[in-house]
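Bear in mind that the values in this text are calculations on the coordinates, not laboratory data. Just so it is clear, the model here is predicted, and its values are computed rather than measured. Cβ atoms come from the backbone with ideal geometry, glycine included; neighbour counts cover every protein chain shown.
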Amino acid sequence: MVCETYFSGNSVVHRLDPRAKLVAAVAFSAVVATSYRTPVLIAALALAIALALAAGLPAGPLWRRLAAVNAFVLLAAALLPFSTPGAPLVWVGSVPYTVEGLVLGARIAAKTNAIVLVVTALLSTVEITRLGHAMSHLRLPSKLIHLMLMTVRYVDLLHHEYHRLATAMKVRGFRPRATLHTYRSLGNLVGMLLVRSFDRSQRIVAAMKCRGFNGRFYVLDHFRFAARDAVFAVLTVLVTAGLLVGEYAWPIR
């Protein structure tokens, strides 16, 4: 699959129980997303980096994922000092560029990167079908599981379909320019992609019904909670508890 949802490997993170990793990712993300203390966010980011290193994630795809996220985060962080009241760091014309806004932007960047790193390290080291099975074992709504599995699968198929159509246009001499012909051709490309997507969805529904699909995916892959999973669960509890203590009980902000 080209959407880079799964990073293969044989690290200790890869071998953990998917249920434990899913719960840990949700718990960590919830704690970090609601945190505002700078020391806590720095600690969370350091833990996230350590976990990503332990998972042995490939550098290229990981950097591309972080770059896509940080393109928006850094833009927001750069603009926040103009709209956040506080002590001016510099003046841009008659508009103050505040220290408080700069700190707020740095906190948002730390939160975002910590969550992305942890979710990537924990969930991108699980094959998508096993992740669906883990969600089923955790009694999450079946419609949510079906939506997740089908979306990941068919976003990838649509990606391939788009590249086939774009390649066919290039073979016929199409070169994008700022002209009416280019805009019309791109509109036809999008329309053809939608038509082919609809046709493919009809064929998929018919194929699934022919195979006896009744609205339920049966879970065939059952997990076994090993000693390393128990250790990871304990560490998850300790880490989240430590972050919560640092956020609400530690006197230094």
Once you place label points 7 Å from the Cα toward the Cβ at R130 and V103, how far apart are they in nm?
4.4 nm
When only C-alpha pairs under 8 Å and at least 6 residues apart count, what is the relative contact order of segment 118-240, in percent?
30 percent
Please get the size of the charge dipole for segment 55-140, origin at its Cα centre, with Cβ charges of +1 on Lys and Arg and -1 on Asp and Glu, quoted in debye to the nearest 20.
240 debye
Dipole magnitude of segment 140-210 about its Cα centre (Cβ charges: Lys, Arg +1; Asp, Glu -1), debye to nearest 20:
220 debye
Gained length - I49 relative to R175, 0.36 nm times residue gap less alpha-carbon distance
41.1 nm
With labels modelled as points extended 7 Å from the Cα through the Cβ direction, what inter-label distance (nm, one decimal) is found for N214 paired with R37?
5.4 nm
Put a dot 7 Å past each Cα toward the Cβ at V237 and V12; how far apart are the dots in nm?
1.9 nm
Per residue, the convex hull enclosing the alpha carbons of segment 149-253 has a volume in Å³ of 259 Å³
Could you line up Y248, Y154 from fewest to most neighbouring Cβ atoms inside 10 Å?
Y248, Y154
Against the rule of thumb 2.2 N^0.38 Å, how large the Cα Rg of segment 140-210 comes out
1.43
Does anything in segment 11-42 have its amide N under 15 Å from the 7 Å Cα→Cβ label point of A226, and if so which residues?
11-21
Tell me, what is the FRET efficiency for V92 and A67 to the nearest 0.05, using R0 = 35 angstrom and their Cβ-Cβ distance as r?
0.85
Arranged by the count of other C-beta atoms within 10 angstrom, fewest first, what order do M169, M150 take?
M150, M169
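Which semi-axes, in whole Å and largest first, does the equivalent ellipsoid of segment 58-175 have when worked out from the alpha carbon gyration tensor as the square roots of 5 times its eigenvalues? Intermediate values should be presented prior to the final figure.
Numbers: eigenvalues 292, 129, 32 Å².
So the equivalent ellipsoid measures 38, 25, 13 Å along its semi-axes.
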Using alpha carbon positions and the Kirkwood radius, the Rg to Rh ratio of the chain is 1.06
Quick one: among V126, V118, V99, which has the greatest mean-square fluctuation in a GNM of the chain with alpha-carbon springs under 10 angstrom?
V99
I'd like the distance between the alpha-carbon centres of segment 1-61 and segment 152-176, rounded to an integer number of Å.
33 Å
Filter the DSSP H helices in the chain by two things, a Kyte-Doolittle mean of at least 1.0 and an axial alpha-carbon span of 15 angstrom or more, and list the hits by number.
18-33, 38-55, 59-83, 99-123, 227-248
Taking only C-alpha pairs under 8 Å that are 6+ residues apart, what is the relative contact order of the chain in percent?
30 percent
How large are Rg and Dmax for segment 1-67 when only the alpha carbon atoms are used, in Å?
13.3, 39
